[in-house]
């Protein structure tokens, strides 16, 4: 009989900050076309982007919101986070794609 490993207890910062951050990053990848369209519009519109890019902004928000509200997507990200956390605890080496980027001003 195979033993089922209990899920580790997650801290508030993990459930309310780190996992949602992972969700945002993954949602941006999944909504790549909408992100790209909004970025191009903003770049081409300059100061008028608030007025000119409403349609692209609305499409991007709609795409991202679908993922943010999806409990299955949250659970997938949570399980990936737990896997990375356990791997870090085991090896002491952070997962390459989870390293924090330093601001350009540093």
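The values are calculated or read from the model by the stated rules, or taken from the named source; none is laboratory data. None of the values given here were measured: they were computed from a predicted structure. For neighbour counting, all protein chains shown are included, and Cβ atoms are generated from backbone atoms with ideal geometry for every residue, glycine included.
Considering 30, 60, 64, the condition of being more than 28 Å from residue 11 (Cβ to Cβ), modelled with pLDDT of 95 or more and surrounded by 11 or more Cβ atoms within 10 Å (Cβ to Cβ) is satisfied by 60 alone.
The criterion of being surrounded by 15 or more Cβ atoms within 10 Å (Cβ to Cβ) and either closer than 30 Å to residue 12 by Cα or at pLDDT 95 or above (or both) holds for residue 74.
Could you list all residues from the range 33-51 that are loosely packed, with under 13 Cβ neighbours inside 10 Å and more than 17 Å from residue 64 (Cα to Cα)?
40, 43, 44, 46, 47, 48, 50, 51
Contact annotation: residue pairs with Cβ atoms under 6 Å, 6 or more positions apart or on different chains, pairing a residue in the range 34-51 that is in contact (Cβ under 8 Å) with a residue 24 or more places away in the chain with a partner that is assigned to a helix (DSSP H, G or I), are 34/59; 34/60; 34/63; 35/28.
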